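Contents: one structure, followed by commentary.
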Ligand SMILES: [Zn+2]
Ligand SMILES: [Zn+2]
């Protein structure tokens, strides 16, 4: 493995945003081999450069959004959301920060959407207006999925679409021509782009894998062969699978394994997977038809997605196959397949409701077979464990992807990434889609298999542009804002760092409310201060501490100088500081202190 010896560490990136302050451990920055490539005499001002940057997706798996800019023309690819994490309690979603485009709306010539997964389309309802509502170039299925989601937002603007197909080329603006090509992923109608720019052709397939038949022969490789015959300047490949060895598992093997289970099971079969894993759902439905079982779909998004795919002809389902959930009790157990969401242990998904006994029609019973047909997303291990425990306790027989091959990832692992790199033979290689480690691993693969130098495989973070000229890729010192924009209920961007800090403090240390009733004229206590605790300590069992605290407050108030006796803000601030210090000395905890002053 080659090390990045000739890579310089960037100087501290000046005013960092909330995101990097809180999410990236401080040591990470010092070891961060983010490249600063010497210009080596190249005069950037006089040479044509295409600026590439990502507003999300490079330091996480989620909120994917990247753009290419040349002169006054901008092409954006994808607009996804990210699910909340431990550091953002109570947040619904995180979406890309679009402030870079504030004064450049008119320059945006297109939003290209590669596929219908939420980490690529989820932010559309929130940000289209901020982008000036550009034309969305995408395939028919993606369009239907975007519109379906848009309908949940009554004030969202009407969207304008250009439907594109495999092999089509569009002159999107004066300097950008785009050729679209079909890719293999877990959802039909995924599309990649060959961006023809003034400095050369840049290829980005979006999320992809290689499909194999049951004998292990790769499918549809002619597309990549054709791309390899064009002179490709830059290849941008996803990194989600870059730390996994080997090739993609054939979806045909997955199918065969699922069919084996259908063959031997006599009770009900309950299959949990992602609502957007349309290819898998389609396979399962076919197998169910073969074994004369009815399909019952539980979960709004899954039902909606299957309907869309069926309407557009991506799924062929016999008329009598799908039956309404309400009728499930009319059928014998060996005639039933339930398709539901919640294989990641998501608290509000169907499977969780089934297990908790909150589902109207279905509960787990002895003899049920439950298949979790998805891999565990990093971070969800614990909730999946709880799920497995509960199903087992209730008598269900479980199959999940760690036990049998009933799931294949949609993201190319190492050997598949290498195949594509070698076929495309780009001059520059940029890893996208994934955490730093995944992207670093991806860059290593490119350096090994394409004999590229580190400066030819730049690894950048969100908001860190690469300036591509014909013969160089230079990481710019510019910092584009990428700090979190959070969606909480109906509010977009109104939850900031202060609110989050409070939520974290409340979650970790609890809260103490102190209510002091004072005489307006004398500034003296009218009664003993009230003390309320939530999540800090149980007051009834800590009477001594409470009494000490009351004494402390009375003493504090009595010492307030006369001229400040009527200054409520001063008194509250002092109470907050001193009570916090007092409780910390006694308990080594720092609950949130909420002083309430009542003057009568
Ligand atoms: Zn993705
Ligand atoms: Zn995807």
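The values are calculated or read from the model by the stated rules, or taken from the named source; none is laboratory data. Model, not experiment: these values are computed from the prediction. Here Cβ is always computed from backbone atoms with ideal geometry, including for glycine, and neighbour counts include all displayed protein chains.
Some points to look at:
- The set of residues in the stretch 396-414 that are more than 25 Å from the chain's Cα centre (by Cα) and either within 16 Å of ligand 2 (Cβ to nearest atom) or at pLDDT 85 or above (or both) comprises 396, 397, 398, 399.
- Identification of strands (runs of 3 or more DSSP E) wholly contained in the stretch 112-171 with 3 or more residues that are crowded, with 16+ Cβ neighbours inside 10 Å yields 136-138.
- Hits in the stretch 384-421 - residues which are in contact with a strand residue (DSSP E or B) (Cβ under 8 Å, 6 or more places away or on another chain) and part of a helix (DSSP H, G or I): 384, 387, 388, 391, 392, 416, 417, 419, 420, 421
- Failed item, numbered, when residue 477 is tested on (1) more than 30 Å from residue 125 (Cα to Cα); (2) surrounded by fewer than 19 Cβ atoms within 10 Å (Cβ to Cβ); (3) out of contact with any strand residue (DSSP E or B) (no Cβ under 7 Å at 6 or more places or on another chain); (4) free of Cβ contacts under 8 Å to residues at least 60 places away in the same chain: (4)
- Checked against (1) surrounded by 14 or more Cβ atoms within 10 Å (Cβ to Cβ); (2) under 47 Å from the mean Cα position of the chain (by Cα); (3) part of a helix (DSSP H, G or I), residue 595 passes all but a single condition, namely (3).
- Restricting the stretch 114-139 to residues that are more than 14 Å from residue 54 (Cα to Cα) and in contact (Cβ under 8 Å) with a residue 60 or more places away in the chain leaves a set whose member that is nearest to ligand 1 (Cβ to nearest atom) is 117.
- Positions within the stretch 448-471 being part of a helix (DSSP H, G or I) and either farther than 18 Å from residue 202 by Cα or within 16 Å of ligand 1 (Cβ to nearest atom) (or both), in sequence order: 448, 449, 454
- Residue match in the stretch 426-445 (condition: surrounded by fewer than 22 Cβ atoms within 10 Å (Cβ to Cβ), free of Cβ contacts under 8 Å to residues at least 12 places away in the same chain and over 23 Å from the mean Cα position of the chain (by Cα)): no
- Restricted to the stretch 287-317, and to residues there that are in a helix (DSSP H, G or I) and in contact with a strand residue (DSSP E or B) (Cβ under 8 Å, 6 or more places away or on another chain), the residue that is farthest from residue 142 (Cα to Cα) is 288.
- Single residue of the stretch 58-72 satisfying the filter (closer than 24 Å to residue 469 by Cβ and in contact (Cβ under 8 Å) with a residue 60 or more places away in the chain) that is surrounded by the fewest Cβ atoms within 10 Å (Cβ to Cβ): 71
- Among the residues making up the stretch 456-472, those that are in contact (Cβ under 8 Å) with a residue 60 or more places away in the chain and under 10 Å from residue 430 (Cα atoms) are 458, 459, 460, 466.
Residues checked against (1) assigned to a helix (DSSP H, G or I); (2) surrounded by fewer than 16 Cβ atoms within 10 Å (Cβ to Cβ); (3) touching a residue at least 24 places away in the same chain (Cβ under 8 Å); (4) out of contact with any helix residue (DSSP H, G or I) (no Cβ under 9 Å at 6 or more places or on another chain):
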site: 487; (1), (2), (3), (4): no, no, yes, no
site: 506; (1), (2), (3), (4): yes, no, yes, yes
site: 514; (1), (2), (3), (4): no, no, yes, no
site: 520; (1), (2), (3), (4): no, yes, yes, yes
site: 527; (1), (2), (3), (4): no, yes, no, yes
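- Members of the stretch 172-188 that are within 16 Å of ligand 1 (Cβ to nearest atom) and either more than 22 Å from the chain's Cα centre (by Cα) or not in a strand (DSSP E or B) (or both): 183, 185, 186, 187, 188
- Residue match in the stretch 477-485 (condition: modelled with pLDDT of 85 or more, outside any helix (DSSP H, G or I) and over 26 Å from the mean Cα position of the chain (by Cα)): yes
- For the residues 191, 146, the requirement of being closer than 20 Å to residue 66 by Cβ, within 16 Å of ligand 2 (Cβ to nearest atom), touching a residue at least 40 places away in the same chain (Cβ under 8 Å) and within 25 Å of the chain's Cα centre (by Cα) singles out 191.
- Qualifying residue in the stretch 553-569 (condition: in contact with a helix residue (DSSP H, G or I) (Cβ under 9 Å, 6 or more places away or on another chain) and over 16 Å from residue 519 (Cα atoms)): no
- For residue 442, the conditions (1) outside any helix (DSSP H, G or I); (2) within 16 Å of ligand 1 (Cβ to nearest atom) all hold with the exception of (1).
- For residue 429, the conditions (1) away from ligand 1 (no atom under 16 Å from the Cβ); (2) closer than 30 Å to residue 229 by Cβ; (3) part of a helix (DSSP H, G or I) all hold with the exception of (3).
- Residues of the stretch 57-100 that turn out to be closer than 17 Å to residue 461 by Cβ, at pLDDT 95 or above, within 16 Å of ligand 1 (Cβ to nearest atom) and out of contact with any helix residue (DSSP H, G or I) (no Cβ under 8 Å at 6 or more places or on another chain), as a count: 2
- Residue in the stretch 38-48 that is more than 16 Å from ligand 2 (Cβ to nearest atom), at pLDDT 70 or above and buried (at least 19 other Cβ atoms within 10 Å of the Cβ) present: no
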